[in-house]
Amino acid sequence: MSRKALTEKVAELLRSSRLAVALTGAGLSVESGIPAFRGSQGLWDRYDPLEYAHIEAFRADPKKVWEMLAELGGLVERAQPNAAHRGLARLEEMGYLRAVITQNIDALHQRAGSREVIEFHGNGQRLICLGCGRRYAQDAVALGTLPPRCSCRGVLKPDVVFFGEPIPTEASEKALAYCRRCDLLLVIGTSAVVAPASHLPLIAKQQGARVVEINLERTHLSDTVADVVLETSASQALNDILEFLGR
Ligand code: APR
């Protein structure tokens with residue numbers, strides 16, 4: 001089937017769906033200048049996740065992890081939502097999409113106007129104290145001396161899910177509830193290899209939902225869980241879908 005025909009099919013699925021939800025990953029923000037984790041130019045080629053993104057690594061040497069984060073933080077701060085973020089916000093506004101479950105911690109969905117955003121891996125603009133659990137807005141904390149510390153002297157950590165940490169309860173429950181109830185799941189810009197987010201497409205599928213995958217490359221979902229695969233960039237796909245739906 002041509003890309004045009006596949007896109008039209010996705011637009012039709014959105015039109016006829018009762019409850020559509022999107023699951024997004026790092027690929028969505030690549031066009032905003034934030035590198036993905038895997039694949040060519042993926043972050044985890046440069047930084048070993050066990051050394052930088054595991055909670056035990058953070059506890060053992062928070063300064064080292066913070067130095068990497070300070071480098072990446074600038075990229076995220078400068079990033080602007082792209083056409084894919086805006087497209088998903090528009091779909092919600094038009095009544096075609098109920099919620100976005102995102103693995104991203106860059107808050108670009110919210111900045112693009114999406115209202116129902118479930119941050120499965122937390123939010124990089126907040127910090128949490130490993131000692132007392134107090135939360136801070138990132139911009140309220142000086143990063144001159146690393147690691148930053150709480151008023152209780154505990155080490156502050158970005159309020160994001162490191163490997164070895166659980167998913168925040170509310171986000172996990174909401175995401176599961178949406179995936180059990182939805183009849184259409186758009187899986188966009190994720191390699192779908194990191195559990196438990198990677199289980200969500202199958203959960204939706206097993207409850208009878210149609211699954212659409214939008215990704216530059218094929219993934220393990222393409223031949224198994226996905227009903228429709230759009231092998232294209234997230235921004236292109238969202239623009240094309242909105243053309244069919246009449247913006
Ligand atoms: N449009 C669509 N897809 C894209 C684009 C694009 N412009 N650019 C890249 N991709 C795809 C890649 O082909 C890849 O399949 O996005 C996917 C990104 O995959 P990952 O880098 O593995 O990102 P993600 O799935 O979000 O990672 C999950 O792993 O380390 C962690 O906690 C981190 O939340 C993250 C989790």
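The values are calculated or read from the model by the stated rules, or taken from the named source; none is laboratory data. Nothing here was measured: the structure is a model prediction, and the numbers come from that model. Cβ atoms come from the backbone with ideal geometry, glycine included; neighbour counts cover every protein chain shown. These area figures cover heavy atoms from the full protein model, side chains too; ligands, DNA and RNA do not enter into them. Shrake-Rupley method; radii C 1.70, N 1.55, O 1.52, S 1.80 Å.
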Condition (residue is assigned to a helix (DSSP H, G or I), more than 9 Å from the ligand (Cβ to nearest atom) and either open to solvent by less than 80 Å² (accessible area, probe 1.4 Å) or more than 30 Å from LEU242 (Cα to Cα) (or both)) applied to region 13-23: is it met by at least one residue? yes
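Look through VAL228, VAL161, VAL193, VAL187 and report the one residue that is more than 10 Å from the ligand (Cβ to nearest atom) and either among the β-branched types (Val, Ile, Thr) or within 21 Å of GLU119 (Cβ to Cβ) (or both). Write out each step before concluding.
Working: VAL161 fails: more than 10 Å from the ligand (Cβ to nearest atom); VAL193 fails: more than 10 Å from the ligand (Cβ to nearest atom); VAL187 fails: more than 10 Å from the ligand (Cβ to nearest atom).
On inspection, the qualifying residue turns out to be VAL228.
Of all residues in region 105-117, count the ones that are within 16 Å of the ligand (Cβ to nearest atom) and assigned to a helix (DSSP H, G or I).
3
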With a cut-off of at least 1 residues that are open to solvent by less than 10 Å² (accessible area, probe 1.4 Å) and within 21 Å of ASN123 (Cα to Cα), name the helices (runs of 4 or more DSSP H) lying wholly within region 160-247. 169-181, 200-206
Residue match in region 76-84 (condition: under 25 Å from ARG46 (Cβ atoms), away from the ligand (no atom under 16 Å from the Cβ) and surrounded by fewer than 18 Cβ atoms within 10 Å (Cβ to Cβ)): yes
Selection from region 62-98 of residues farther than 16 Å from PRO148 by Cβ, assigned to a helix (DSSP H, G or I) and modelled with pLDDT of 95 or more yields ALA83, ALA84, HIS85, ARG86, GLY87, LEU88, ALA89, ARG90, LEU91, GLU92, GLU93
Counting only residues in region 118-139 that are within 14 Å of the ligand (Cβ to nearest atom) and free of Cβ contacts under 8 Å to residues at least 60 places away in the same chain, the one nearest to ALA177 (Cα to Cα) is identified as GLU119
